[in-house]
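Written below as C-alpha cells is the structure these notes are about.
FYI, it's all coordinate maths here, none of it is from the lab. Please read these numbers as outputs of a predicted model, since none were measured by experiment. Cβ coordinates were reconstructed from backbone atoms using ideal geometry, including for glycine residues, and neighbour counts include every protein chain displayed.
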Amino acid sequence: MDASTTPPAPDVVDPAELLADPYAVYTRLREAGPVHRVAGTDGLPAWLVTRYEDVRQALADPRLSLDKVHAKSGGYRGFALPPALDANLLNMDPPDHTRVRRLVSQAFTPRRIALLREPVRRTADTLLDAVALLGRTDLIAAYAAPLPVAVICELLGVAEADRPDFRSWTDTLVIPDPAHPERAKEAVGALLAFFARLLAGKRAEPADDLLSAMIAVRDEEDRLTEDELMSLAFLILFAGYENTVHLIGNATLALLLNPSQLAALRADPARIGAAVEELARYDGPAPLAIRRFPTQDVTIGGVIVPAGETVLLSLAAAHRDPRRFPEPDRLDIGRDATGHLALGHGIHYCLGAPLARLETEIALATLLERLPDLELDVPVEELDWRPSMRTRGLRALPVRY
C-alpha cells in the first residue's frame, strides 16, 4: 500500500458483531489491510493496526506516546480519572515512565512474586473446597474472580475486610452504565477514599508488602509524587485483578471447548507453562493495547498516521495472524507461542507478567486436578460476554462437574 496522507472514510465495524465474534471481524479487517480508520472505543475516529509485525513494532515505537497531552484537540474522549489515579505507567512516556517503573521494580521483585506461589495454591484450594461438592457453579464468581483479588491484595497488604467492594468499583469503571454516569464518579470517589485510608494505614504501620515498599520509596527518597504513588497502587490493584480474571476464565473456556487439548494437558500437567502462553495468544483478556498518540506523523503498514490521532493496536488480530502463527484459529498447547503480545512488548511490557503467569498456571492446574470431569453447563452460544471492546471476558462461566 502506498503511503497516503488522505484519511480514508472510517470502516464500519458493527459493535454487536465485534462483541459476538471479535476474531471473525478482526480477521476480515486484517486480511483487507494492515491499518484501518475506524470509530474507536470512545466513538471518535482512530487508526486500527491489525497485523502482527506492525502491532509488535508499534508497541515499541517511541513516537507513539501514551501521554494524553499528545492527543489532538478533540481527539480523545475517554473517561477522565482524577490525577490521583491517572498518574500511572499507562499514561506515561520516558523520562517519567523510566523513573517510575525503575522505582516500582525495586519493590516488585521476583523474590516477592516467588513467595506468593504457596499462598496462591492455598487460595485456589480453599475456593475449590467451597464449590467441589455443589456439582455446578459459576466459575467466574466462585473462582476466577476471587483468586486474583485475594492474590493482589495479599501482595499489596490489603486487609480481607477491604476486598469485597473492590470488584464492584472496578467493574463500574470498566463497563460504565450510560444510563447512570454518576455511578462511575461514585466509584472513583470510593476508590480515592479507599486508597487514602490504605496509604495512611501503611504509613502508620509498615509491613513486608509491596505497598509499604512503595511508600518507603516515596517518603524516604522522595522520587515518587503522592499522585504517582496512589495511581500506582490503583493500577496494580486494577490491572492485577481485571486482566487475570479474564485470562483464567477465557483459558478455562478455551480448554472446555477443545477437549483434545484439555486431555493432552491432563495427561501431562508439566505442560501447563507452555499451555498458558498459547491460551494467552488464543483468547487473551485485552483485544486492544492501550491507545497511543503519535508525536509526529508516522508510517504504519504503509499508511501515514497524522500526529495526535488515536492509534489502536489490535492484539486480538495480531494473535490470529497466519503470517506469524500458522493455523492461528486452532488452539494447540504444543505450539511455541512465545512472542505473543498479550503481556505487551517494549518498555511498556507488563510489570506484573510473572505474577499473571504464576496465578494462571496455578489456577488452571489446580482446577483440572480438583475437578477432573469439568464441563460447560450451558450451550456455548448462551455464554454472556462483557459488553466491552477493551476487555475480552465472560460475565459468568456456568460449569458442572
Computed magnitude of the charge dipole of region 144-184 (debye, nearest 20; Cβ of K, R +1, Cβ of D, E -1): 80
The chain - Rg (one decimal) and Dmax (whole number), Cα, Å: 21.0, 62
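Would you please name the GluC sites (Glu not before Pro) within region 191-241 that are DSSP coil residues with at most 16 other C-beta atoms within 10 Å of their C-beta?
Working: sites: E220, E221, E226, E228; in loops: E221.
Sparse-neighbourhood loop GluC sites (Glu not before Pro): E221.
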Dipole of region 15-400 [Lys/Arg +1, Asp/Glu -1 at C-beta], most positive-end residue of G302, V38, V188: G302
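Which of rounded, prolate or oblate describes region 159-315 when judged by the alpha-carbon gyration tensor and an a/c cut-off of 1.5?
Numbers: a/c = 1.73, a/b = 1.23, b/c = 1.41.
Judged from the Cα gyration tensor, region 159-315 comes out oblate (a/c at least 1.5, b/c at or above a/b).
So what is the relative contact order of the chain, in percent, for Cα pairs below 8 Å that sit 6 or more residues apart? Numbers along the way, then the final one.
Numbers: 602 pairs, mean separation 112.0, N = 401.
It rounds to 28 percent for the chain.
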Y282, Y23, Y349 arranged by Cβ crowding within 10 Å, fewest neighbours leading: Y349, Y23, Y282
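List every DSSP H helix in the chain whose Cα atoms extend 30 Å or more along the helix's own long axis and whose mean Kyte-Doolittle hydropathy is at least 0.0. Present the calculation step by step, with values, prior to reporting the outcome.
Numbers: long enough: 182-204 (33 Å, 0.37); 226-256 (45 Å, 0.96).
Helices passing the filter in the chain: 182-204, 226-256.
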Evaluated at q = 0.18 Å⁻¹: base-10 log I(q)/I(0), Debye formula over Cα of region 212-263: -0.65
Binned Cα-Cα distance frequencies in region 96-144 - 5 Å width, integer %: 4, 17, 16, 13, 11, 11, 11, 9, 5, 2, 0
Unit charges at the beta carbon, dipole of the chain: most positive-side option, A251, A396, L103: L103
Neighbour-count ranking [beta-carbon atoms within 10 angstrom, fewest first] of R281, R56, R323: R323, R56, R281
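Would you list Y52, Y401 from fewest to most Cβ contacts within 10 Å?
Details: Y52 25, Y401 18.
By the 10 Å Cβ count, ascending: Y401, Y52.
What is the extension gain from A267 to L115, computed as 0.36 nm multiplied by their sequence separation minus the C-alpha to C-alpha distance, in nm to one decimal?
Working: separation 152, 0.36 × 152 = 54.72 nm, distance 2.80 nm.
Full extension of this stretch gives 51.9 nm more.
Using square roots of five times the C-alpha gyration tensor eigenvalues, list the equivalent-ellipsoid semi-axes of region 242-401 in whole Å, biggest first. Walk me through the intermediate numbers first.
Working: eigenvalues 192, 57, 43 Å².
In descending order the semi-axes read 31, 17, 15 Å.
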Förster radius 60 Å - calculated FRET efficiency between E160 and E327 (Cβ-Cβ, nearest 0.05): 0.85
Alpha carbon centroid spacing (whole Å) that separates region 96-122 from region 324-347: 25
Under 5 Å, built H, 5+ apart or other chain: amide partners of T310: W47
